[in-house]
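A short worksheet on the structure shown next.
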Amino acid sequence: MKFDYDLLVVGSGPAGEGAAMAAIKNGLRVAAVENREDVGGSCLHKGTIPSKSLRHVIQQIIRYKKSHIFNQLGDTRSISFPDALKESKRVIPKQVDVHNSFYVKNRVNLFNGVAKFISKHEIEISSPNSISKIVTAKDFIIATGSRPYNPDGVDFSHPRVYDSDSILEMDHTPRTIIIYGAGVIGCEYASIFAGLGIKVDLINTRDRLLSFLDDEISGALNYHLRDVSVMIRHQEEFDYLDAEDDSVTVHLKSGKRLYADAILWCNGRTGNTDTLQLDAIGLEPDRRGQLTVDETYRTSVDNVYAAGDVIGWPSLASASYDQGRAAAGSILGRDINFVNDVPTGIYTLPEISSIGKTERELTDERVPYEVGRAFFKSIARAQISGEEVGMLKILFHIDTFEILGIHCFGAEASEIIHIGQAIMKQPGKQNDIKYFLNTTFNYPTMAEAYRIAALAGLNRIQRFSY
Ligand SMILES: Cc1cc2nc3c(=O)[nH]c(=O)nc-3n(C[C@H](O)[C@H](O)[C@H](O)COP(=O)(O)OP(=O)(O)OC[C@H]3O[C@@H](n4cnc5c(N)ncnc54)[C@H](O)[C@@H]3O)c2cc1C
């Protein structure tokens, strides 16, 4: 059978883009289908980019307010949430242009519409603006991403009830907001709202924040969120919601009642598989709408692959892009690396980033490790920029000096982590904490934190004195 394309990618977020570009550059005939008007996926329109841009605007406001010079002017004006949103959205059309140009330059045919399977080699694309068409392909990559989970019993059409998509359209500035769900997205929005001076109730269903983080870092986040008046409530569970015209009341299973001007629901996400008519090819998503893949990103249907949020963990734009490229690599018959060594980048205020093992994991595994810490408050660059809250922590093996984990919180943590990640990735003995003592870094930079942390850690081992 002659197919229209070698590969058809469904979705143009990071996973779809990574897949389409890797495949076309290696000679396959590739098309992509996207149901949004523009490329970029929820990453560009609802997730990573708008939330980080909004955070940046809030960070600018906080810096301005903290600034000694402007303080002297006695400027007490405040910025509304809609104004901050408007400013933050300026980046979206620029990013759409950049990503669109990749499809144009590389000649990936882009269809606009909702794709659904007719058979394992045929997809129907329908859009309100044109008649539907059938496109055939030898292989498919499903990269349809995810959306906020909206539980039954919560009316998301109510003007005071938001999820992480609809919050980007909120047209007023609440005085108080309840965030239900203290995962990464919930914590990031808690920082954003607190930064605008909005009182936040952050409800966590677990016993500590972001329990996958190193305990000390999770504790620091807890401290700094409380420090900006975020009321964190651990181990609470939602019971029901009363929404009035201008307020909401959240009833928790513990019997507590919380009142606020609005609620942001951040508890869970659902894979976008419901429109794909997967039963036509005998594929069944799990109860979260996610697909299972093997280590080549192939689903249980031999010519259908999947990548990005639709396959679940880690559900990050960073990993999705690499997964998409890897799925295309599998179709090209290459040996690929399954993406599982992913750094965390959490854009709270302060920012958090880590790679490798936590202290708890190393202790459980009975690995003899030592810790080196550097506090931002003693680093010249941090003092100059006024970003003195933060810490870099390196965990290393006391016999081999191998770096086992790096954990950072504070301004630019998600950039700083990559210096350490590069060393950790070196083969064999080259992954050695002493690298930071034997290498000259620019000064003043935040990279100095690596030298200070390495010195502090090595000096804790008695046979060393630096
Ligand atoms: C608030 C928020 C903040 C985030 N912050 C970060 C961050 O800081 N760093 C990070 O790495 N990640 C972050 N993420 C996660 C990141 O956005 C996702 O991991 C990433 O978007 C997943 O990429 P994807 O390509 O799998 O899917 P998506 O980006 O969701 O793209 C999938 C596209 O497929 C389309 N589609 C779905 N079904 C069909 C169909 N049947 N036919 C045609 N098209 C279809 C969708 O409409 C969508 O446009 C954040 C997410 C949220 C919600």
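The values are calculated or read from the model by the stated rules, or taken from the named source; none is laboratory data. Quick caveat: nothing in here was measured; it's all calculated off a predicted structure. When we count neighbours, we look across all protein chains shown, and the Cβ atoms used for this are built from the backbone with ideal geometry, even at glycine. Ligands, DNA and RNA are stripped out before the accessible areas are found, and what is left, the full protein with its side chains, is counted by its heavy atoms. Shrake-Rupley method; radii C 1.70, N 1.55, O 1.52, S 1.80 Å.
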For this session: Would you confirm whether any residue within segment 328-343 is open to solvent by 30 Å² or more (accessible area, probe 1.4 Å), of a type in the set (D, E, K, R), more than 9 Å from the ligand (Cβ to nearest atom) and touching a residue at least 40 places away in the same chain (Cβ under 8 Å)?
Result: no
Seminar exercise, completed: Taking segment 195-210 and keeping only residues that are farther than 19 Å from GLY268 by Cα and over 20 Å from the mean Cα position of the chain (by Cα), one is left with LEU196, GLY197, ILE198, LYS199, VAL200
Exercise. Going through segment 164-192 one residue at a time, which ones are in a loop (DSSP other than H, G, I, E, B), within 13 Å of the ligand (Cβ to nearest atom) and within 16 Å of VAL230 (Cβ to Cβ)?
Worked result: GLY181, GLY183
Problem set entry | Subset of segment 269-291 (residues that are part of a loop (DSSP other than H, G, I, E, B) and hydroxyl-bearing (Ser, Thr, Tyr)) | THR273, THR275
Problem set entry | Members of segment 97-123 found to be under 14 Å from GLY11 (Cα atoms) and open to solvent by 30 Å² or more (accessible area, probe 1.4 Å), listed by number | HIS99, ASN100, ASN109, LEU110, PHE111, ASN112, VAL114, LYS116
Exercise. For GLY410, which of the numbered conditions (1) under 27 Å from the mean Cα position of the chain (by Cα); (2) open to solvent by 10 Å² or more (accessible area, probe 1.4 Å); (3) modelled with pLDDT of 95 or more fails to hold?
Worked result: (2)
Exercise. Looking at segment 368-397, which of its residues are surrounded by fewer than 17 Cβ atoms within 10 Å (Cβ to Cβ) and touching a residue at least 12 places away in the same chain (Cβ under 8 Å)?
Worked result: PRO368, ARG373, LYS377, SER378, ALA380, ILE384, SER385, GLY386, GLU388
Exercise. Which one is most open to solvent (accessible area, probe 1.4 Å), of the residues in segment 195-204 that are touching a helix residue (DSSP H, G or I) at 6+ places or on another chain (Cβ under 7 Å) and either in a loop (DSSP other than H, G, I, E, B) or free of Cβ contacts under 8 Å to residues at least 40 places away in the same chain (or both)?
Worked result: LEU196
Problem set entry | Pairs where the first residue, in segment 9-38, is farther than 18 Å from GLU122 by Cβ and among the aliphatic types (A, V, I, L, M) and the second is in a loop (DSSP other than H, G, I, E, B) and near the ligand (Cβ under 6 Å from one of its atoms), C-beta under 7 Å, 6+ apart | ALA15/ALA143; ALA19/ALA143
Exercise. Consider ASP155 against the criteria (1) in a strand (DSSP E or B); (2) away from the ligand (no atom under 14 Å from the Cβ); (3) open to solvent by 10 Å² or more (accessible area, probe 1.4 Å); (4) touching a residue at least 12 places away in the same chain (Cβ under 8 Å): it satisfies all of them except one. Which criterion is unmet?
Worked result: (1)
Exercise. Restricting attention to segment 309-320, which residues are near the ligand (Cβ under 9 Å from one of its atoms) and more than 12 Å from the chain's Cα centre (by Cα)?
Worked result: VAL310, ILE311
For this session: Residue by residue through segment 217-227, note down the ones that are surrounded by fewer than 16 Cβ atoms within 10 Å (Cβ to Cβ) and not basic (Lys, Arg).
Result: GLY219, TYR223, ASP227
Exercise. Within segment 292-304, how many residues turn out to be within 25 Å of THR344 (Cα to Cα), touching a strand residue (DSSP E or B) at 6+ places or on another chain (Cβ under 8 Å) and either open to solvent by 10 Å² or more (accessible area, probe 1.4 Å) or within 11 Å of the ligand (Cβ to nearest atom) (or both)?
Worked result: 2
For this session: Determine which member of the set VAL91, VAL108 is modelled with pLDDT of 95 or more and within 14 Å of the ligand (Cβ to nearest atom).
Result: VAL91
For this session: Sort through ILE58, ILE49, ILE79 and tell me the only one that's more than 16 Å from the ligand (Cβ to nearest atom), in contact with a helix residue (DSSP H, G or I) (Cβ under 7 Å, 6 or more places away or on another chain) and in contact (Cβ under 8 Å) with a residue 40 or more places away in the chain.
Result: ILE79
Seminar exercise, completed: Every listed condition ((1) open to solvent by 10 Å² or more (accessible area, probe 1.4 Å); (2) within 14 Å of the ligand (Cβ to nearest atom); (3) not basic (Lys, Arg)) holds for ILE352 save (1)
Problem set entry | Enumeration of residues in segment 12-40 that are within 18 Å of ASN129 (Cβ to Cβ), out of contact with any Ser or Thr (no Cβ under 9 Å at 6 or more places or on another chain) and open to solvent by 30 Å² or more (accessible area, probe 1.4 Å) | GLU37
For this session: Would you point out which residue out of VAL310, VAL293, VAL301 is without any contact (Cβ under 8 Å) to a residue 60 or more places away in the chain and among the aliphatic types (A, V, I, L, M)?
Result: VAL293
